[in-house]
């Protein structure tokens, strides 16, 4: 793909995004630049900060908050969306730290930045573990805030197992299973949370009916 085509695609995507935000409600349109900003900055993050993973986390945090604003058109009562957004951001930023451990030598050689390149693989893996501990705590808080039932907590128990597995199989001196941690374990987390949250929601709707 040429640079010209990349710019054209990005501009078309931006126009579609802004148009969609305008069709949702005035608040989404007004706040849409804040959602776009981290997406634009992230690809350049490694050029100016050791923590590009945090920019990615911020970009992903926008999703749940944006969904709340899209449906309600107001920030009132949005605390659960912010908690879920923070959980999603830390989750994705945390596993991006794991994935970035593969690029240490290349990053250092070409002079770009990342947590593993600046602070080492061991520190990056510790930081990832910390991020995922906070992620789990926020998922617990979110479940309490919205009043989820047994299905959510079962899904969260499975999520805890996936997180533990992910961090058990990647070692500072053995990165051979990074892809298994990055793709398989985190793919399972996303599917498990969605499925069990949906089961819980359908169960609640059935009881109300």
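The values are calculated or read from the model by the stated rules, or taken from the named source; none is laboratory data. Being a predicted model, the structure only gives us computed values, none of them experimental. Cβ sites come from the backbone with ideal geometry, for glycine too, and all protein chains shown count toward neighbours.
Residues are listed down the side, and each one gets a yes or a no for (1) farther than 24 Å from residue 110 by Cβ; (2) part of a helix (DSSP H, G or I); (3) in contact with a strand residue (DSSP E or B) (Cβ under 7 Å, 6 or more places away or on another chain):
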residue	(1), (2), (3)
11	yes, yes, no
17	yes, yes, no
20	yes, yes, no
35	yes, yes, no
41	no, yes, no
50	no, no, no
Can you give me the number of residues within the range 169-182 that are more than 18 Å from the chain's Cα centre (by Cα), in a helix (DSSP H, G or I) and touching a residue at least 60 places away in the same chain (Cβ under 8 Å)? 0
Any hit, the range 160-168, residues being in contact (Cβ under 8 Å) with a residue 40 or more places away in the chain, within 30 Å of residue 47 (Cβ to Cβ) and either in a helix (DSSP H, G or I) or in contact with a strand residue (DSSP E or B) (Cβ under 8 Å, 6 or more places away or on another chain) (or both): yes
Tally up the residues in the range 17-29 that are out of contact with any helix residue (DSSP H, G or I) (no Cβ under 8 Å at 6 or more places or on another chain) and over 11 Å from residue 73 (Cβ atoms), please. 3
Tell me, yes or no, whether the range 82-92 has at least one residue that is over 18 Å from residue 65 (Cα atoms), in a helix (DSSP H, G or I) and in contact with a helix residue (DSSP H, G or I) (Cβ under 9 Å, 6 or more places away or on another chain). no
Is there a residue being touching a residue at least 12 places away in the same chain (Cβ under 8 Å) and not in a helix (DSSP H, G or I) anywhere in the range 125-133? no
Residue 187 being at positive phi and modelled with pLDDT under 95: no
Check off (1) without any contact (Cβ under 8 Å) to a residue 12 or more places away in the chain; (2) outside any helix (DSSP H, G or I); (3) closer than 14 Å to residue 84 by Cα for residue 144 and give me the number that stays unchecked. (2)
Pick from the range 1-44 the residues that are in contact (Cβ under 8 Å) with a residue 24 or more places away in the chain and surrounded by 14 or more Cβ atoms within 10 Å (Cβ to Cβ): which of them is nearest to residue 116 (Cα to Cα)? 38
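Listed here are the residues, each with its yes/no results for (1) closer than 27 Å to residue 160 by Cβ; (2) within 23 Å of the chain's Cα centre (by Cα); (3) at pLDDT 95 or above.
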{"site": "1", "(1), (2), (3)": "no, no, no"}
{"site": "15", "(1), (2), (3)": "no, no, yes"}
{"site": "20", "(1), (2), (3)": "no, yes, yes"}
{"site": "39", "(1), (2), (3)": "no, yes, no"}
{"site": "83", "(1), (2), (3)": "yes, yes, yes"}
{"site": "100", "(1), (2), (3)": "yes, yes, yes"}
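Quick one: in the range 147-157, of everything that is assigned to a helix (DSSP H, G or I) and either in contact (Cβ under 8 Å) with a residue 12 or more places away in the chain or in contact with a helix residue (DSSP H, G or I) (Cβ under 7 Å, 6 or more places away or on another chain) (or both), which residue is farthest from residue 93 (Cα to Cα)?
In this case the residue turns out to be 150.
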